[in-house]
Structures are given as C-alpha cells and as structure tokens.
Amino acid sequence: MKSYRHELVVKIPERMDFINITGDVTQALRKSNISEGLCLVNAMHITASVFINDDERGLHRDYKRWLEQLAPHEPLSLYDHNLTGEDNGDAHHKRQIMGREVVVAVTAGKLDFGPWEQIFYGEFDGRRNKRILIKIIGA
Amino acid sequence: MKSYRHELVVKIPERMDFINITGDVTQALRKSNISEGLCLVNAMHITASVFINDDERGLHRDYKRWLEQLAPHEPLSLYDHNLTGEDNGDAHHKRQIMGREVVVAVTAGKLDFGPWEQIFYGEFDGRRNKRILIKIIGA
Amino acid sequence: MKSYRHELVVKIPERMDFINITGDVTQALRKSNISEGLCLVNAMHITASVFINDDERGLHRDYKRWLEQLAPHEPLSLYDHNLTGEDNGDAHHKRQIMGREVVVAVTAGKLDFGPWEQIFYGEFDGRRNKRILIKIIGA
C-alpha cells in the first residue's frame, strides 16, 4: 500500500469565501503515483470546510446568504462561544452545514468525478493562514 | 491492496425523493471479493446526496418537508444560481445538508453496520439519469 | 494492508449531548499498529453523529440551541416519523446536520490533526446504549 500526504496553506482576504482547490488536489494525486485508492481532503481548522459542488459564482453568493441566515455572524452575543473572546461562533456552525472533508475515489490515476464535481475550500473565519490536508492511500 | 469500482445509474421520476441502495452496495461488495477495507459511496452529481439513515416512509416525508423549509424550490428568484437558466438552486443547498457521500467499514466481507443503518440516494433535481459511484478498497 | 476494528459503547444520560472521544480513537490507533492510512469513525445508530470540532463548552451549548431551532424535539406531532410510536423524529434530523462519520488521516502512527481538531460523539436520543465504530486501514 502506498500513501501520500500534502498540505495546502491558504489565506483568504474575506471572512467568508470559497476557493476551488481541484487543481491542487489533482497535482498532489499525480505526485503520489497512486492509481487506485481513496483521496481524503479535509480542512485542518474547525471554522472551515472542504466540500464538493459547482464552480458557479451565483451559487457561491447563494451559499453565503443562506449560511448567514442559518448562522448569522452578528450579533456576536448570539453565541456563548464568543464569551471566550472569539468572534467566530458563527463559523463553527457554518462549517457543520458544509462539512469538514471529502473522500474521493481514485481510479486509473485520476479523481473519479462526475461531470460537474469540483473541490472547494470554504472559509468562514478568514484573514489568517489556514491549512488543508490531502491524504491519498492506495496502490 | 484490492480495489473495486461500480457505477449505479438511477432516474427518479420526482424532483425530490429517496431510494434505498443498500442492496446494490452489498452486491458490489460481494463482487469485489474484499473482506477488510473501506467502501465509499457518493453521488456523482452535485444536486444529489448519498446518506445513511432509516428506511421509514414517515421520516422521508419529514425530510422532504424540512429540506423544503430550509431551501425552498420556489420562488426561483431566491437563488442567483437560477440566473444561469437552471431551476435547481435549491437542490445544491439541500444536497449540502444531506451530504455527498458515505464511507462504510467493510469487515469480514460485509458492510459493518449498526442495526438500522441503510444507504440512501437522495435526489433533489430528478427526472433525468444520475450516477452513483461505489469504490471499495481493501484486502 | 492492515486493518483494525474497535467498537465503543456509550450511554449518555441526557437526550442530547456531546462527548469527546479523541482519546478512545487515539488508543485504538495505537493498538492497530498502523502508521500510514485512514481512520473511519462513525455512529452505528441513526440518531447520533460523529463530528470534529472544538472542545469548548460554550460552543456545545450553542450547537444544542441551534439544532433545537433547526429541528425541535416538540411538538412530537411535527414529525410523521413519530407516528410509528417513536419520539425521536428530531434526532434523525439533527444527525443529518452534524453528520454520521469522520475520516481522519493517519500519518506516522498519529491522527493527522490541525491544532484544535477533536472528535466528538453527538447524541440526539440518549439514555440508552449506543455504539461507535472505529475502523482503521493502512500499513
């Protein structure tokens, strides 16, 4: 069994935004020399998500509005978590909706994707360095 | 390490519905000849989910009502995504709540399940062919 | 390829609560003698979750309040599922928000975690024995 590990570091200028990391994951898979297996991609921080959906700007605006409705950033007093001095209570909730990780099949050396699947990093408490883990196992 | 890949194709007559695919996954596992490992099952489309829960009609009615509350199909103008000419903005949101994929342990050649676990395909933009991926790795 | 399986049994005195199971998973990983691979941790019951987030009491209070808003326990008549004689319709919904499982990378014999990642069992229909599955595969 082979395994391969790679970390991405991102710094998102907004509090909340989504970036397409499919190219980075594809490149890691190429370096791994793994042709059959599973590829895990996860946020290493608990106010961020990795998820698979469409690379369409309108949809991303919709997601932001919807997540802000489901777990508003303000008032900060909405979250007991913010009593610790943090202001990211909302981000811990948004991350649960969008998920921590994706597991993608690797087949014939490629990410085994349907026609529109793209991997996104979702940031909910940005403006500082965050890490994303790629771990691939297989043969 | 062994690996096995199988695709299911489904066409759901409703816009939103859930179908139990546990039998299909069990059959794929049997064909894989893998006795210890992990089994990934994921929607290959981004307006659909694969999730594990109860095979109970009342619960499925509850899920449909609840998802429709959280991300209503109409008015279509609720979603910037629909400005592309699509009418499935809601489906991309419902799929995030229910999730893209499940990873199931394989032990002694079987899906290693608790007493009520069943695998469902959740469709949120049906009436056309959609694909589901089963990828099993192990020994 | 090596694999290792371990079950945890928990009995949560409240209907809804979260417990940190990171220590149990770490111990299972040590016993597995696996140094590179993937570790799946999932609830074996469909009214419970396994998720990764912060070990902070204020946040857990926030999660409970938020989940109760998104899928209230009462009135019981809110859920067709409760027509079966159950009273846990809400729990099946809360579990979908928080997720069934996590997949964690194993690197150099350790859970490959970011600085704050901790694994939680989330109970939404407690006061009876429930099982959690840990399955690790790798080399």
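Throughout, read-outs are computed from the coordinates displayed, never taken from laboratory work. All values reported here derive from a predicted model rather than from experimental measurement. Note: ideal-geometry Cβ built from the backbone for every residue, glycine included; neighbour counts use all protein chains shown.
Tabulated results
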| read-out | value |
| --- | --- |
| Search result, residues across segment A:52-77 that are polar (S, T, N, Q) and either touching a Lys or Arg at 6+ places or on another chain (Cβ under 7 Å) or within 8 Å of another protein chain (Cβ to nearest Cβ) (or both) | A:ASN53 |
| Flag for C:ASP80 being within 13 Å of chain B (Cβ to nearest Cβ), acidic (Asp, Glu) and either in contact with a Ser or Thr (Cβ under 9 Å, 6 or more places away or on another chain) or closer than 20 Å to B:ASN53 by Cβ (or both) | yes |
| Search result, residues across segment C:17-43 that are surrounded by fewer than 19 Cβ atoms within 10 Å (Cβ to Cβ) and closer than 20 Å to C:GLN118 by Cα | C:ASP17, C:ILE19, C:ASN20, C:THR22, C:GLY23, C:ASP24, C:THR26, C:GLN27, C:ARG30, C:LYS31, C:SER35 |
| Residues that are charged (D, E, K, R), under 27 Å from C:SER35 (Cβ atoms) and surrounded by 24 or more Cβ atoms within 10 Å (Cβ to Cβ), drawn from segment A:101-137 | A:LYS135 |
| Matching residues in segment A:109-139 - criterion: being among the acidic types (Asp, Glu), over 11 Å from A:PHE51 (Cα atoms) and within 9 Å of another protein chain (Cβ to nearest Cβ) | A:ASP112 |
| Which numbered condition A:ARG65 misses (of (1) farther than 18 Å from B:GLY99 by Cα; (2) among the basic types (Lys, Arg); (3) touching a strand residue (DSSP E or B) at 6+ places or on another chain (Cβ under 8 Å)) | (3) |
| Scope segment B:38-71; condition in contact (Cβ under 8 Å) with a residue 60 or more places away in the chain and either on the phi > 0 side of the Ramachandran plot or of a type in the set (Ser, Thr, Tyr) (or both); matching residues | B:THR47, B:SER49 |
| Check on B:SER49, polar (S, T, N, Q), within 13 Å of chain A (Cβ to nearest Cβ) and under 12 Å from the mean Cα position of the chain (by Cα) | yes |
| Subset of segment C:79-126 (residues that are on the phi > 0 side of the Ramachandran plot and touching a strand residue (DSSP E or B) at 6+ places or on another chain (Cβ under 8 Å)) | C:GLY99 |
| Conditions (1) more than 11 Å from chain B (Cβ to nearest Cβ); (2) farther than 21 Å from A:ASN129 by Cα; (3) touching a residue at least 24 places away in the same chain (Cβ under 8 Å): number failed by A:VAL106 | (1) |
| Strands (runs of 3 or more DSSP E) lying entirely in segment B:17-123 (those with 1 or more residues that are among the hydrophobic types (A, V, I, L, M, F, W, C) and over 30 Å from C:ALA105 (Cα atoms)) | B:17-20 |
| Any hit, segment A:69-78, residues being closer than 30 Å to B:TRP66 by Cβ, surrounded by fewer than 23 Cβ atoms within 10 Å (Cβ to Cβ) and in contact with a strand residue (DSSP E or B) (Cβ under 6 Å, 6 or more places away or on another chain) | no |
| Subset tally (residues that are surrounded by fewer than 23 Cβ atoms within 10 Å (Cβ to Cβ) and out of contact with any Leu (no Cβ under 6 Å at 6 or more places or on another chain)) for segment C:46-58 | 4 |
| Selection status of C:TYR4, more than 20 Å from C:ARG128 (Cα to Cα), out of contact with any Gly (no Cβ under 7 Å at 6 or more places or on another chain) and part of a strand (DSSP E or B) | yes |
| Residue in segment C:84-95 that is more than 18 Å from A:ILE132 (Cα to Cα), surrounded by fewer than 22 Cβ atoms within 10 Å (Cβ to Cβ), in contact (Cβ under 8 Å) with a residue 40 or more places away in the chain and not acidic (Asp, Glu) present | no |
